[in-house]
Amino acid sequence: MTDTPNASCELPPLPADVVPIVAMRNVVLFPGIVLPVTLGRQESIAAAQEAVRTGRKVGLVLQRDPALEKPAASDLYGVGVLATVVRYITGNDGAHHLVCQGESRFRLAQMVREQPFLAGRVESIAEPQATGADIEARRDVLKERAVEALSLLPQAPAELARTVRGIESAGQLADLIVSFMEVKAEEKQDVLETVDLRERLDKVMKILTHRLEVLKVTREIAEQTQAALGERQREAVLREQLHQLRKELGEGEGEGEGSEFAELDKALEDAHMPPEVQEQARKELNRLRRMSESSPEYGMVRTYLDWLVALPWSKSDAEDIDIERARKVLEEDHYGLGKIKRRILEYLAVRKLNPHGRSPILCFVGPPGVGKTSLGQSVARALGLKFVRASLGGVHDEAEIRGHRRTYIGALPGNIIQGIRKAGTRNPVFMLDEIDKVGASFQGDPASALLEVLDPEQNSTFRDNYLGLPFDLRHVLFIATANVLETIPGPLRDRMEIIQLTGYTDEEKLEIARRYLLRRQLEANGLESAQVQIADAALLRIIHEYTRESGCRNLEREIGALLRSAAMRIAEGKESAVRFEAENVPEVLGPARFENEVAQRTSVPGVATGLAWTPVGGDILFIEAARLPGTGKLILTGQLGDVMKESAQAALSLVKAQAEELAIDPQLFDQSDIHVHVPAGAIPKDGPSAGVAMYVALASLLKRQSVRPDVAMTGEISLRGLVLPVGGIKEKTIAAARAGIRKVILPARNRRDLEEIPASVRATLQFVWVEEVSAALEEALGAPADAGKSPGRGPGDAQRTAA
């Protein structure tokens, strides 16, 4: 460090009655007080250096706004303190420090310079020398209260109290006290500007009295807190000593009837736990008695005992299985689903006749919105049992099923035990929702943990990691739901009875909308059936043009939009009742979102309509083929999977092999590139069932004949021209009917699936069962096709099934 200030720039000398001014932020210096000041602004540094260079005093004045970077004369208070620069220090880090001693008050008369530093003409204010009994009395009282305040501050140095006692000047005492008090800068400035001695003493007395009261309350609160802590520590020590004395004397741990331990003991008795669980609970209770409440383990053991007491070890709800009532409940809650309802009633009938037998685990599989979760609720209502639901979507930690071990902070049982406790009975209907979306990670595989839960041979001794004790799950009626089966591990799928739920037909959706959706949305929007009516034609228009789904969720949303529009018109008083016809639907829902584009898409050669299965139901799929000059390459686009690419290659090879029979010039294949595209390129597609559609599209392109617009097809092909069976026939045919298709071409070996197709769909579609691609091509093009028959086979004619 150095004590020499930097040399300032050559400036005109200041008049004798002008001093450099340093604007202060939140700091007020009083006469007689030595104060260190850190300088940050260039103007302040220049002013301090000028005072040191010329041997002048410096004026310290508080600025009104501390945030102001370059204050002018109007931004400063009118009264400040003249100070002598005791020392000027420049640190190694470039910081400038000033040690000042206040000399006297002054009034800023005129600012004569603002650059490169502030300088002003000042008028010194003389310190009044008033005396008298009233001044002396105020001084003595102020001195006593200052000493009392210092005694309440443990960090205050003892020399300060002695200094206060030794001051005889009333003005100097007031300035000293207020300078060391923690008060706002504005309050200190008010005292600085008060020249009258009596008034100054009264102001300082008022400020000091308030601070003294605050210090007393603070000391009292601190003493009470310390006393409370000391009492708890004393109680913990005494409790520990009492435990040790009882242990040495071999006396029991008996407690009063109303104590916490007595209540726990009674709760354990009333829980009617199995002997193994009862023994463990007693052991933990004895551990708890010997623990101090301040021990970290005390809360863990207490929470564990609370969980043991809360579980329904022996409490069961009486099952009231009335098959007729169960049938009525299922009919009230769901429309259609005849086979599903029949299987549920069979399940209930067996459970009624053999209550202690092993119940199968039901798994409802189907697209979203078809009523899987609500079916489980209906089963619980039919049985008169509690219903509990655990969502497994996105679960990737085994501890979510089995729970965490008690050694972990914040450990809890898994979802199974938590659900049983929530139900309050050991035989609830427990729904495991979205079981197909369980994922494995480095934290374990929850699907493997579910193996024990869903196995009737093992779940009688299900052991949660938190409890560490067996819990009998045999009486729990587990029902699982899933959208797809492929993502469920084989061993887990093997433990469940799969019940497939397919999408609804348009007629079923119309009936569901009438019975359930419209009523539910009327209640949600505060309307009554007399106020709003929706015609069947309007509902059908919504189903056909505004939704394309297997379930009914979007249909309910669109109905809700219509009702909200009606509610607004009724609330505004424009109408008292609203009826929606088919032509009114676009006024609320806008233009149609879906249209029947099959005729338009298949009006040119090279386009065929296929049928696809998706996790959310069936759908139609367009196969587009184009020929362009080239060297015989096959181009495939549309984000196709490996199996679908191989189907396209097999279809092209089959067309090449049958070129002569199909009346196609073989040279076309060498002189052209074939481009096969499946629209909706953002959606991945895979599977072998588009083989027939690809073959028909390629044959249509090269024969220059358009495929009939009302025909759709599905099926795998072989290089011998055979049509092989595929899955998802029910979903695919429902999608075809929904899209306006009138004829579907299906593999002959899928005829067994005909009974699974809803009657309304069978009445709408004509089914053509084919064994060879030649028959499929003939039906698709609408013209005779003698080509493509396998050697040694019959004519390969299609077999029709019509309503």
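The values are calculated or read from the model by the stated rules, or taken from the named source; none is laboratory data. Predicted model only: the values in this text are computed from it and were never measured. Positions of Cβ are backbone-derived with ideal geometry, glycine not excepted, and every protein chain shown enters the neighbour counts. Heads up: the accessible areas ignore ligands, DNA and RNA and are worked out on the full protein's heavy atoms, side chains in. Shrake-Rupley method; radii C 1.70, N 1.55, O 1.52, S 1.80 Å.
The figures follow:
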{"quantity": "Overall form of segment 474-517 per C-alpha gyration tensor (a/c, 1.5; a/b vs b/c)", "calculated": "oblate"}
{"quantity": "Cleavage-rule hits (trypsin sites (Lys or Arg not before Pro)) in segment 476-580: DSSP loop, at most 12 neighbouring Cβ within 10 angstrom", "calculated": "Lys574"}
{"quantity": "Calculated FRET efficiency for the pair Asp93/Gln671, C-beta based, R₀ 56 Å, to 0.05", "calculated": "0.10"}
{"quantity": "Ellipticity estimate at 222 nm from DSSP helix runs (n ≥ 4, -39,500 (n - 2.57)) divided over the chain, nearest 500", "calculated": "-13000 deg cm²/dmol"}
{"quantity": "Sum of side-chain charges, Val365 neighbourhood, beta-carbon under 12 Å (Lys, Arg +1; Asp, Glu -1)", "calculated": "-3"}
{"quantity": "Percent accessible area from carbon and sulfur atoms, the chain, protein chains only, probe 1.4 Å", "calculated": "50"}
{"quantity": "Isotropically averaged projected area of segment 106-239, using the convex hull of Cα atoms (one quarter of hull area), nm²", "calculated": "12.5"}
{"quantity": "Inter-label distance, nm, simple model (7 Å from Cα along the C-beta direction), Ala411/Arg553", "calculated": "3.7"}
{"quantity": "Full-stretch length increase - Arg752, Glu263 - with 0.36 nm per residue and alpha-carbon distance subtracted", "calculated": "169.5 nm"}
{"quantity": "log10 of Debye I(q)/I(0), alpha-carbon scatterers only, for the chain at 0.09 Å⁻¹", "calculated": "-0.93"}
{"quantity": "Convex hull (Cα only) mean projected area of segment 487-563, reported in nm² to one decimal", "calculated": "6.7"}
{"quantity": "Spatial separation of Cα centroids for segment 506-530 and segment 7-60, in angstrom", "calculated": "84"}
{"quantity": "Extension reserve of the Ala759-Arg234 stretch, reckoned as 0.36 nm per residue once the Cα distance is removed", "calculated": "180.8 nm"}
{"quantity": "Gln226-Val301 FRET efficiency (beta carbon distance; Förster radius 22 Å; 0.05 resolution)", "calculated": "0.15"}
{"quantity": "Backbone N within segment 524-556 under 16 Å of label point (7 Å from Glu575 Cα along the Cβ vector)", "calculated": "527-539"}
{"quantity": "Percent of Cα pairs exceeding the 23 Å cut-off, where the set is segment 657-790", "calculated": "34"}
{"quantity": "Segment 9-118 - Debye-derived log10 I(q)/I(0), Cα point model, q = 0.19, 0.22 Å⁻¹", "calculated": "-0.97, -1.35"}
{"quantity": "Relative contact order (%) - segment 303-414, alpha-carbon pairs under 8 angstrom, separation at least six", "calculated": "29"}
{"quantity": "Share, in percent, of DSSP beta bridges within segment 389-539 that are antiparallel, nearest 5", "calculated": "30"}
{"quantity": "Antiparallel bridges, percent of DSSP beta bridges restricted to the chain (to nearest 5)", "calculated": "60"}
{"quantity": "Mean Cα-pair separation over length for the chain, i.e. relative contact order, pairs under 8 Å, 6 or more apart, %", "calculated": "7"}
{"quantity": "Mean Kyte hydropathy of -1.0 or more with a Cα span along the axis of at least 24 Å, helices from DSSP in the chain", "calculated": "133-151, 197-249, 553-571"}
{"quantity": "Gyration tensor verdict on segment 33-84 (Cα atoms; rounded if a/c is under 1.5, prolate if a/b is larger than b/c, oblate otherwise)", "calculated": "prolate"}
{"quantity": "Relative contact order (%) - segment 105-227, alpha-carbon pairs under 8 angstrom, separation at least six", "calculated": "24"}
{"quantity": "Local electrostatic count at Leu68 - Lys and Arg +1, Asp and Glu -1, tallied over other residues with Cβ under 11 Å", "calculated": "+1"}
{"quantity": "Point-to-point label distance, Val643-Ser603, nm (Cα→Cβ direction, 7 Å offset)", "calculated": "3.5"}
{"quantity": "Positive minus negative residues near Ile534 (Lys, Arg vs Asp, Glu; Cβ under 12 Å)", "calculated": "+1"}
{"quantity": "Cα-based Rg and Dmax for segment 365-443, where Dmax is the largest Cα-Cα distance (Å)", "calculated": "14.4, 43"}
{"quantity": "Chain lengthening between Arg342 and Leu215 when straightened (0.36 nm per residue, less Cα-Cα)", "calculated": "37.7 nm"}
{"quantity": "Hits among aspartates and glutamates - C-alpha to C-alpha of Lys143 under 18 Å, sequence gap 8 or more where chains match", "calculated": "Asp134, Glu159, Glu168, Asp175, Glu182, Glu199, Asp202, Glu213"}
{"quantity": "In Å, descending, principal axis extents of the Cα set of segment 607-705", "calculated": "43, 23, 20"}
{"quantity": "Rg/Rh ratio calculated on Cα atoms of segment 262-367 (Kirkwood radius)", "calculated": "1.24"}
{"quantity": "Equivalent ellipsoid semi-axes - Cα gyration tensor, segment 451-606, angstrom", "calculated": "45, 25, 12"}
{"quantity": "Spin-label model distance (nm) - Glu193 vs Thr461, 7 Å beyond Cα toward Cβ", "calculated": "8.8"}
{"quantity": "Over segment 53-110, volume per residue of the alpha carbon convex hull, in Å³", "calculated": "115"}
